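Read the structure below first, then the notes.
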Amino acid sequence: MPVVLYIHDEPESHLFANSFSEFLIRGVLRSFSVEGAGDGASGGVGAAGVWRRHVEIIGPFLDPAHLRTLKEMGDPPSSSECAAADRRIAELLPIRKIIGSQPPVRYDEDLISDRPTLLRLYGESVSYYRNLVVHEGMEEFRPKLDQAEAACARVLRGES
């Protein structure tokens, strides 16, 4: 299951991880890529202890390859080592823009009286849902695609 971190008020987000394991390892690597991240409120265990505790906590949820990656790093790893490991994982992710919010399938046509604007909006909705259904194979969005197409056709016929 892909993991997307949706950025509030941004129309598009990018794939962050292909799995929960990848999400966890990237989170830890990114946290420790900040200089001195393991030095904070460590309860006297030091940076190495903080690193080991993080690996111990998330270890049971990691794929074997991800766990091996963390265990093969320094104890604790340097911030640049963590940043480099995160970059290596990120480079393997497919480039995929994800729209974090779904467009409407019905617009308030009393408020949007400009027909070209209404057609453009419905066209964007149809395009979005068609991509999900046809290209992504997500049949559960077919009812929304059908609704958006029907509304667009109605406007084209001048029935709005």
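What follows is calculated from the coordinates using simple rules that are stated; it is not laboratory data. This is a predicted model, so every value here is computed, not measured. Cβ coordinates were reconstructed from backbone atoms using ideal geometry, including for glycine residues, and neighbour counts include every protein chain displayed.
Are there any trypsin sites (Lys or Arg not before Pro) in the stretch 103-160 that are in a DSSP loop and have at most 16 other Cβ atoms within 10 Å? List them by number.
On the way: sites: Arg106, Arg120, Arg130, Lys144, Arg154, Arg157; in loops: Arg106, Arg157.
Answer by residue number: Arg106, Arg157.
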For this session: Report, by chain and number, residues whose modeled amide H sits under 5 Å from the one on Ala17, excluding near sequence neighbours (fewer than 5 apart, same chain).
Result: Val3
Problem set entry | Over the stretch 102-156, relative contact order from alpha-carbon pairs under 8 Å, at least 6 apart, % | 42
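Taking the Cβ of Thr117 as the center, what net charge do the other residues with Cβ under 14 Å away carry, scoring Lys and Arg +1 and Asp and Glu -1?
On the way: positive: Arg115, Arg120; negative: Asp108, Glu109, Asp110, Asp114, Glu124.
Within the 14 Å Cβ shell, the charges total -3.
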Problem set entry | Calculated FRET value between Ala84 and Arg120, using beta carbons and R₀ = 45 Å, to 0.05 | 0.50
Problem set entry | Backbone HN-Hα couplings from phi across the stretch 134-144 [Karplus 6.51/-1.76/1.60, Hz, Gly and Pro as x] | 7, 8, 9, x, 8, 4, 5, 9, 4, x, 5
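Mind checking the full-extension length gain between Ser19 and Leu111? Use 0.36 nm per residue of separation minus the Cα-Cα distance, one decimal, nm. Intermediate values should be presented prior to the final figure.
Values: separation 92, 0.36 × 92 = 33.12 nm, distance 4.24 nm.
In short, 28.9 nm is gained.
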For this session: Among the chymotrypsin sites (Phe, Trp or Tyr not before Pro) in the stretch 84-145, which ones are in a DSSP loop with at most 12 other Cβ atoms within 10 Å of the Cβ? Mind listing them?
Result: none
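Can you tell me how the stretch 102-156 classifies by the Cα gyration tensor, rounded, prolate or oblate, using a/c under 1.5 as the rounded cut? Spell out each step's value before the answer.
Values: a/c = 2.51, a/b = 2.34, b/c = 1.07.
Here the stretch 102-156 falls in the prolate category.
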